[in-house]
Amino acid sequence: MHGLIRKQEMRLKMESISLVQVFVSVLFGVSSASKLSKLSSFRDTLRQLRIVPLWAKRAGAAIPLAELAVCVLLWFPMTLRFGAALALLLLCSFAWGAWRAKGRMVIYQWFGGLISEKFSMALYTRHFVLFLLSVYLLASPVSSARASASFGEIALAVLSSVGILVIYALGLTLRQYHQLYQE
């Protein structure tokens, strides 16, 4: 009996790792796709951070490509750790950008300018949670549970992840709209 309970606990743990893996992968994939579809918005944010134009142009293309690499690397058990490490490097670059924006009115164009917001505590909190999820992926045992999952289970995880992002973006947009008309 104890062995059966232990096996179920391990399966639940493996599934939670897989869900985090899919969520972080989808998040970086959506971020990359939206930035690549409208590079000018992301480059505007980099210019507001007073990054040298040549570097802003290079980073404006390199960062979305690195996010796409994270998205792909997180899907395979063999490359999961590389994807998590690259995600942490990207989040560190965001922390550097946030430090650079300190004291200035820099508008953060997340998801390629789909939604804009100022560097704020909510933005830092969201990226800190993503940082913790990436550390969790880096430190947790590599799971093969997703490899044995059905197409329906994987589709459900991906669509749930997209749904979470859409609901969050909608909530942020409604909050910004409300604040606009409160003033």
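Some points to look at:
- Residues (open to solvent by 30 Å² or more (accessible area, probe 1.4 Å) and among the hydrophobic types (A, V, I, L, M, F, W, C)) located in the stretch 82-93: PHE82, ALA85, LEU86, LEU89, CYS92
- Being at pLDDT 85 or above and over 21 Å from ILE164 (Cβ atoms) is a condition met by at least one residue of the stretch 29-36.
Condition check ((1) among the β-branched types (Val, Ile, Thr); (2) outside any helix (DSSP H, G or I); (3) at pLDDT below 90) across all residues:
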{"position": "MET10", "(1), (2), (3)": "no, no, yes"}
{"position": "LEU19", "(1), (2), (3)": "no, no, yes"}
{"position": "PHE42", "(1), (2), (3)": "no, no, yes"}
{"position": "GLY60", "(1), (2), (3)": "no, no, yes"}
{"position": "LEU68", "(1), (2), (3)": "no, no, no"}
{"position": "VAL72", "(1), (2), (3)": "yes, no, no"}
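- Qualifying residues in the stretch 24-44 (those that are in contact with a Cys (Cβ under 7 Å, 6 or more places away or on another chain) and within 11 Å of LEU74 (Cα to Cα)) - the one surrounded by the fewest Cβ atoms within 10 Å (Cβ to Cβ): GLY29
- For the stretch 122-181, taking the residues that are basic (Lys, Arg) and closer than 29 Å to THR79 by Cα, the one that is nearest to the chain's Cα centre (by Cα) is identified as ARG126.
- Residue satisfying all of: in the stretch 103-120; assigned to a loop (DSSP other than H, G, I, E, B) and either touching a strand residue (DSSP E or B) at 6+ places or on another chain (Cβ under 9 Å) or at pLDDT 75 or above (or both); least open to solvent (accessible area, probe 1.4 Å) among these: VAL106
- LEU123 modelled with pLDDT of 85 or more and either in a helix (DSSP H, G or I) or crowded, with 19+ Cβ neighbours inside 10 Å (or both): no
- Within the stretch 41-59, residues that are within 14 Å of LYS102 (Cα to Cα) and of a type in the set (A, V, I, L, M, F, W, C) sit with their Cβ atoms under 9 Å from residues that are open to solvent by 60 Å² or more (accessible area, probe 1.4 Å) and not in a helix (DSSP H, G or I), at 6+ positions apart or across chains, in these pairs: LEU49/ARG104.
The values are calculated or read from the model by the stated rules, or taken from the named source; none is laboratory data. These figures come from a predicted structure and were not determined experimentally. Cβ sites come from the backbone with ideal geometry, for glycine too, and all protein chains shown count toward neighbours. For accessibility, only protein heavy atoms count, side chains too; no ligands or nucleic acids. Shrake-Rupley method; radii C 1.70, N 1.55, O 1.52, S 1.80 Å.
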